[in-house]
Amino acid sequence: MREMTTPGDTIVIGAGVVGTSTALELARRGRRVVLIDRDEPGMGCSYGNLAGIAITQIMPQATPSTLRNIPGWLLDPLGPVTLRWRDLPFLAPWLWRFVLSANRRQVEATTDANATLQLRAASDTEALLQSLGKRHMLGDRDCLAICTTEAEIVAARPDLALKARYGLPCQPLTGNEMRELEPELSPAIPGGWAYTGWRHVSSPIAMTRAMVEALRQQGGTVRRARVTGFGMDGARVSNVALDGEPAVPAGEVVIAAGAWSATLAAMLGDRIPLVAERGYHTLFERSGVNLRHGLLVPAHGFGITQCEDGLRVGGSDELSHPDGAPNFRRAKPLVEKARRLLPNLDASDGREWSGCRPATPDTRPVIGRASRVPNVHYAFGHGHLGLTMAATTARLLSESMTGAPMNFDLAPFRPDRF
């Protein structure tokens, strides 16, 4: 028998790691929560990430150096960044705002804003998993950033200095020092650095499922359905319309639907620039290697991590409409690059996956109240850092929605900043 909802329910749209953690936090604060997603919880973008709590990744993607590199990347059909040219009419407004965001003032503002979230990320994630009885899912492994040439080492120094100013320690390492920490690495690697303070989740999907179970224990409801619109009572949303099912009465609504969130926000009068940054990974259940650390290769836009289900090699930024089909040719060069870094990698049994990261042009998430509808709130646009920022986003948005005391300014993430 289907569980019924009442007009006082808080409807959370989107059951990825951000939406699910927000739904759970609201339920723990006394709200009656209905979590809705067209897919099973955690099976979207959250499923296939590289499982890192990436506290050091505070710089925006829109920078002057990125703009200088983009022409070369776009000329390489299998380079680290591409776009779907048939989607250019959809992408063009976002790309223009991306260019406008790549100035010194905006870069500094975004770095400051994202740092305030990410400096809390490890402790908030640990507290969340501890509350679920799943602290064992959070590993304490650091992350090694790999440079494949001496020129990459030199080019990375300003970024390391910036991170140090925010208290994010990054230890430079020679190639030999890296191999002492991670013996699987190739002797051809000249060096890199260690990001200390990172954490890794053993299974993002298991974490999401644990949150769903805790939500149900709190009296929350989980429904699989596609949201098609909103019923209004004056300036407020009164119900959430579903495809082929009765509308759900709503007291408040949280939109956390990842790359599809902008479509829902537009129905409520907020035109928020959001595109899909499609990423790819290949999972090797019998990789032949067992890493001690997460690995990043910043200059080549990919990473490698050991998860509960195997070794993941993932990355790529493919700008597109979120409803586009994946192009798994994008996954193959990542595996070839990984094999050069890990000579013992057995790449014979790989299973490919693709998901759409929700990307804003200024690389800041959208967190806060809708600009025109007072009982709607947003929690989306986290890009590569959904898992990293999920627990912190859930805590801050829930404090804001319930009127709890909070010592945090959400203004840099407001929906009307564009």
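The values are calculated or read from the model by the stated rules, or taken from the named source; none is laboratory data. Please read these numbers as outputs of a predicted model, since none were measured by experiment. Backbone-built Cβ (ideal geometry, glycine too); neighbour counts: all protein chains shown. Ligands, DNA and RNA are stripped out before the accessible areas are found, and what is left, the full protein with its side chains, is counted by its heavy atoms. Shrake-Rupley method; radii C 1.70, N 1.55, O 1.52, S 1.80 Å.
Couple of notes before you dig in:
- Candidate set from the range 178-230 (those that are assigned to a loop (DSSP other than H, G, I, E, B) and within 19 Å of the chain's Cα centre (by Cα)); member that is surrounded by the most Cβ atoms within 10 Å (Cβ to Cβ): Trp198
- Selection count where residues are within 29 Å of Asp362 (Cβ to Cβ) and either of a type outside the set (Gly, Ala, Ser) or free of Cβ contacts under 8 Å to residues at least 24 places away in the same chain (or both), scope the range 112-147: 17
- Residue match in the range 384-396 (condition: at pLDDT below 95, more than 22 Å from Ala266 (Cβ to Cβ) and small (Gly, Ala, Ser)): no
- Scanning the range 330-370 for residues that are of a type outside the set (D, E, K, R), touching a helix residue (DSSP H, G or I) at 6+ places or on another chain (Cβ under 7 Å) and more than 30 Å from Leu396 (Cα to Cα) yields Leu345, Ala347, Gly350, Trp353.
- Which listed residue is under 18 Å from Pro333 (Cα atoms) and without any contact (Cβ under 8 Å) to a residue 40 or more places away in the chain, from Leu83, Leu50, Leu75: Leu75
- Residue in the range 374-381 that is modelled with pLDDT under 95, surrounded by fewer than 24 Cβ atoms within 10 Å (Cβ to Cβ) and in a loop (DSSP other than H, G, I, E, B) present: no
- Those residues of the range 74-88 which are part of a helix (DSSP H, G or I) and surrounded by fewer than 13 Cβ atoms within 10 Å (Cβ to Cβ), in sequence order: Leu75, Trp85, Arg86, Leu88
- Members of the range 67-113 that are β-branched (Val, Ile, Thr), closer than 18 Å to Ser320 by Cα and under 21 Å from the mean Cα position of the chain (by Cα): Val81, Thr82
- Candidates Val275, Val297 - the one that is open to solvent by less than 40 Å² (accessible area, probe 1.4 Å), farther than 24 Å from Arg339 by Cα and modelled with pLDDT of 95 or more: Val275
- Residue count, the range 353-373 (criterion: in a loop (DSSP other than H, G, I, E, B), of a type in the set (S, T, N, Q) and on the phi < 0 side of the Ramachandran plot): 2
- Residues being in a helix (DSSP H, G or I), surrounded by fewer than 24 Cβ atoms within 10 Å (Cβ to Cβ) and in contact with a Ser or Thr (Cβ under 9 Å, 6 or more places away or on another chain) - total across the range 38-73: 3
- Any hit, the range 6-21, residues being touching a helix residue (DSSP H, G or I) at 6+ places or on another chain (Cβ under 6 Å), open to solvent by 10 Å² or more (accessible area, probe 1.4 Å), small (Gly, Ala, Ser) and more than 22 Å from Leu162 (Cβ to Cβ): yes
- Scope the range 163-177; condition among the hydrophobic types (A, V, I, L, M, F, W, C) and crowded, with 18+ Cβ neighbours inside 10 Å; matching residues: Leu168, Cys170, Leu173
- Residue check, Gln57 out of contact with any Asp or Glu (no Cβ under 7 Å at 6 or more places or on another chain), touching a residue at least 40 places away in the same chain (Cβ under 8 Å) and more than 30 Å from Gly229 (Cα to Cα): yes
- Any pair with Cβ under 7 angstrom, 6 or more apart, that starts in the range 323-347 at a residue that is closer than 28 Å to Leu91 by Cβ and ends at one that is in a helix (DSSP H, G or I): Gly324/Asp87; Lys337/His300
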